[in-house]
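Down below is the structure, laid out as structure tokens.
The values are calculated or read from the model by the stated rules, or taken from the named source; none is laboratory data. All figures in this text were calculated on a predicted structure; none of them were measured in a lab. All Cβ positions, even for glycine, are placed from backbone atoms using ideal geometry, and neighbour counts span all protein chains on display. All accessible areas refer to the heavy atoms of the entire protein, side chains included, with ligands and DNA or RNA removed. Shrake-Rupley method; radii C 1.70, N 1.55, O 1.52, S 1.80 Å.
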Amino acid sequence: MFPDVNEAENADVNDPNDCYIFMGNKGEKKPTVMHFPLFNNVNCKGPDGIQEYRKEFSTRTFDYTEESFSKLIDAAKANVQNNIDLITEQIENLVTGNGK
């Protein structure tokens, strides 16, 4: 089972945030999930940039150049770096029992 997702808060697929936290519930055995859209309004500098990334990195593409692969890895690293405080806070809350 996964935590409930409020679709209204996460509806803008064309301009997603760089991090979403879906709070779990221990009693219902639902984990807390942290979601980091790779193509987001921070890494891609808004909707136009997101569309450029989506064209370049289509889900139908299976082979990438070393340069393209590096670009994807850099975007993933940036997601973590941009949200390290939030990630740390959520882990601390879960470990100390302050999370649900």
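Below is a table of values for the structure above.
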| quantity | calculated |
| --- | --- |
| Residues located in segment 19-68, provided they are open to solvent by 50 Å² or more (accessible area, probe 1.4 Å), among the aromatic types (F, W, Y) and within 18 Å of the chain's Cα centre (by Cα) | F36 |
| Filter pass, G24 being in contact with a helix residue (DSSP H, G or I) (Cβ under 9 Å, 6 or more places away or on another chain) and among the small types (G, A, S) | yes |
| Any chance G49 is closer than 13 Å to L38 by Cβ, of a type in the set (G, A, S) and out of contact with any helix residue (DSSP H, G or I) (no Cβ under 6 Å at 6 or more places or on another chain) | yes |
| Residue that is nearest to T32 (Cα to Cα), among those in segment 65-100 that are among the aliphatic types (A, V, I, L, M) and without any contact (Cβ under 8 Å) to a residue 12 or more places away in the chain | I91 |
| Inter-residue pairs, beta-carbon under 8 Å, first on the phi > 0 side of the Ramachandran plot and in segment 10-37, second open to solvent by 40 Å² or more (accessible area, probe 1.4 Å), 6+ apart | K29/M1 |
